[in-house]
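The values are calculated or read from the model by the stated rules, or taken from the named source; none is laboratory data. What you see is a predicted model, and the numbers here were worked out from it, not measured in a lab. FYI the Cβ positions are ideal-geometry reconstructions off the backbone, even for glycines, and counts take in every protein chain you see. Keep in mind that these areas ignore ligands, DNA and RNA; they rest on the heavy atoms of the full protein, side chains included. Shrake-Rupley method; radii C 1.70, N 1.55, O 1.52, S 1.80 Å.
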Amino acid sequence: MNDPRGDHLSVVVDLSPTQWHLSALQPPANVYPLPLSSFLSQLLAFLNSHMACKHENTLAVFGALPGKSVMLYSSTNPAKNLQVMDSNSYPPFKLVDTTVVTRTAEELDALGDPDEEEPLGLVGAMTKALCYINRITLPPAQIPGKKQGISNSLVMPEPRILVLSVSPDHATSYIPIMNSIFSAQKLKVTIDVCQLYGPETVFLQQAAHLTGGSYIHLERRDALLQYLIMSFLPPPSIRKVLSVPTQDKIDFRAACFCHKTIVDVGFVCSVCLSIFCQPVPVCSTCRTKFPIKTLQRLNASRPPPNATNTTRTTTGTPVPQSASNPTTPALTQPTSTNGSSVHRPAQARSSLSQQSSM
Amino acid sequence: MPPRRDAEYMDVDSDSDISLPDDDYDGSRAKGKGRSKTGERKSEKGKGKAKDNQAYTWEASYARSWDTVQEDEAGSLQTSVEELLARGRRRRLLAPAAAVRRTIIRHLILLLDLSSSMMDRDMRPTRFDLMLQYAREFIVEWFDQNPLGQIGIVGMRAGLGEKIGHMSGNPQDVLKAISERHKLEPVGEPSLQNAIEMAKSTMSHLPTHSSREILVVFGSLTTCDPGNIHDTLDTCVKNKIRISVVALAAEMKICREMCDKTGGQFGVAMNEGHFKDLLFELVPPPAQRASRAAGAGATNPAADLMMMGFPTRLPDASPQSFCVCHNELKSEGYLCPRCQAKICDIPTDCDICGLMIVSSPHLARSYHHLFPVKPYEIVAASEALSERATECHACSRPFPLTPAASATEGMSPVGRYRCPECHNEFCSECDVFIHDVVHCCPGCGK
């Protein structure tokens, strides 16, 4: 604990206006409504407690907005125009609070009122956080005309990223999210995920699992601050001795490229590794044609319609499947139905919208 | 051309010098051969030039690693660091930006020379120790980039080919095979033919859509073969086995021929660093050359559709059960989606139903080879700076306000690099980081 170096925390906040609107709806729609304003005040308390843990701790806050991503605050380059200081508050806290709140308001106002919301810039925010961590973990050297803080001169011991997400997965962002997960692994960055609203996100679940972070799907949304402080405030090394909630079961299933359904047995193109839920004669990604012989063989070896269904349900029961229960109908059907390709796209779409399949 | 202290060498063709680390050995022979080589030779030559101040290993009386870094007028090392960055960038820009078909599922046999010539000390501590050390790093890096690949290890010792490690997709198994140094003690003469025959037979059963590669690390200048090695070579060509050779001593005609005929890469290591470079050049999946393939028309015989299973990972707290691979009671593991067998580690083939089991992150790890980030354009000093962003789009580092006085080729004088898709500007460090590690542009998110 006498380590002179501080921990670095990058927080990625999902600021999707639509999702926050849905999240703030009153009881019939939500059991525990959570508007953005009350979320922000709880987030600020969490950020302040991170800074209070240790003087050397550093902080960066990124916002993911529709179609773009911005840095809201970073402790290495604080805001240029300092506000009038309140004599009743601790200046660093005040600085974080005002910067984050004003920048968030600015960015949300700048969004305007488009008819259709662009996809969320979550990937951009995550890669920015990674670039920022890469920058501060590098030895100081060449930043001209800039004061070297303590944080800059020493290597961060445990950088981590906390993603506070309210949006469902976006199928198109699968590859970039995977790439950022792998680079986080290389940088030894832990990614923690807190899903505040909406369905479970498979991508972020995998992100937390692969980088050794924790994934929490918020149940009592009125207790957000408690969740944040209990599970995300301690750095990963301390979490080993605390009992932080862990994921019980991780889905390594993939989404097929053709209908975006989640499959457990898929057909993979040997050239580009595109995944399909049924044998196809031509790969849609790289236009490779597959030999007829293989197609016939694969079609013959596919499980008969009802077999998979029964094995799934019977053997599935001993395994704690509570989390992924809603997915199972969508999962079993595409593989089990052999000829009913007519229904498949419809199923796929519905499962995509509810379940945000990968 | 690298500096030569010896006057009598000046007349030797510069091309052939580079792959000639053993001075008194074959000076005249290489001189004649050097002229016919082009292609790869050029790149080797470029490398030699880049490491300008470095003498050859056998010429250096002691290591002068500090000579490669030059201080600038202000006494700082920044310019040297930037030059290194620029070199990396230039190499990346040379790479084809268009989509290249690459082999994703690779099978590699690492042929290690364990003959007595590996005990030479021209590479410190010995060629043998250095080879083992680099081989370990190579294996780790290789599996990182080719998660669906498999590596087997064959040694060349006492005139025989010796199987050291079976073909395996688990890096730990492969590393374990070469972990015990005393079991690999070099002795006797190497036999290329025996070893290649052995490697060939271990790969004969592999499906056609996967690549078959042999990487030879060869320290000897001789090979003692029982038969005609050219016959072996011909069967390798027929079986589409790609042979690459990293020689530690000098260029041998048969090695060069093997690489040329099978489409592999050949290189002679000049020193320790170059040895590592040559080895690590073979880590990224090789591009498939359409012209060389037998039926290079509309159908590619190498392509195939594979059936794969994506398992579910069981938590640590689940009830214990036996795994099919070790017959041990375990609580964690993966369930085969087809037969529900419990498997300890993936990727693997299910022991019960034979289904290939991978996790989707394993597949995704290869996607960046297929969808690379476009190289960023260099922003020239002449472009107006006034209405541009003042800080890097990714890490918010402020850009320098005044253009640097001396900018080397491939570097932006204003320290800005622009994405051709989203037109955001990035600093040089983020540029390198994005292209080497993240593989995803923070501006456009692809």
Note to self: Scan the range B:209-221 and tell me whether some residue there is closer than 24 Å to B:F275 by Cα, open to solvent by 20 Å² or more (accessible area, probe 1.4 Å) and either over 20 Å from the mean Cα position of the chain (by Cα) or aromatic (F, W, Y) (or both).
What the structure shows: yes
Margin query: Residues that are at pLDDT 80 or above and of a type in the set (K, R): does the range B:329-341 have at least one?
Written below: yes
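Listed residues A:L273, A:L210; which is modelled with pLDDT under 80, crowded, with 17+ Cβ neighbours inside 10 Å and of a type in the set (A, V, I, L, M)? Step through it out loud before you land on a result.
Details: A:L210 fails: modelled with pLDDT under 80.
Exactly one residue qualifies, and that residue is A:L273.
Confirm whether B:A302 is within 14 Å of chain A (Cβ to nearest Cβ), open to solvent by 10 Å² or more (accessible area, probe 1.4 Å), out of contact with any Leu (no Cβ under 6 Å at 6 or more places or on another chain) and at pLDDT below 50. Don't jump to the end; show me each part of the working.
Working: within 14 Å of chain A (Cβ to nearest Cβ): yes; open to solvent by 10 Å² or more (accessible area, probe 1.4 Å): yes; out of contact with any Leu (no Cβ under 6 Å at 6 or more places or on another chain): yes; at pLDDT below 50: no.
The answer is no for B:A302.
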Checklist line | Evaluation of A:I262 against (1) within 14 Å of chain B (Cβ to nearest Cβ); (2) buried (at least 19 other Cβ atoms within 10 Å of the Cβ); (3) at pLDDT 80 or above (one fails), failing number | finding: (3)
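For the range B:345-362, enumerate the residues that are over 19 Å from B:V437 (Cβ atoms) and either open to solvent by less than 30 Å² (accessible area, probe 1.4 Å) or at the interface with another protein chain (Cβ under 8 Å from one of its Cβ atoms) (or both).
So in the range B:345-362, the residues over 19 Å from B:V437 (Cβ atoms) come out as B:345-360.
Result: B:I346, B:C350, B:L355, B:I357, B:V358, B:S359, B:S360.
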Check: From the set of residues in the range A:170-202 that are over 25 Å from A:Y32 (Cα atoms) and of a type in the set (S, T, Y), which is nearest to the other protein chains (Cβ to nearest Cβ)?
Finding: A:S183
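Just a yes or no: is a residue in the range B:103-115 open to solvent by 50 Å² or more (accessible area, probe 1.4 Å) and either within 30 Å of B:H362 (Cβ to Cβ) or more than 14 Å from chain A (Cβ to nearest Cβ) (or both)?
In the first step, residues of the range B:103-115 are kept if they are open to solvent by 50 Å² or more (accessible area, probe 1.4 Å); the result is none.
No.
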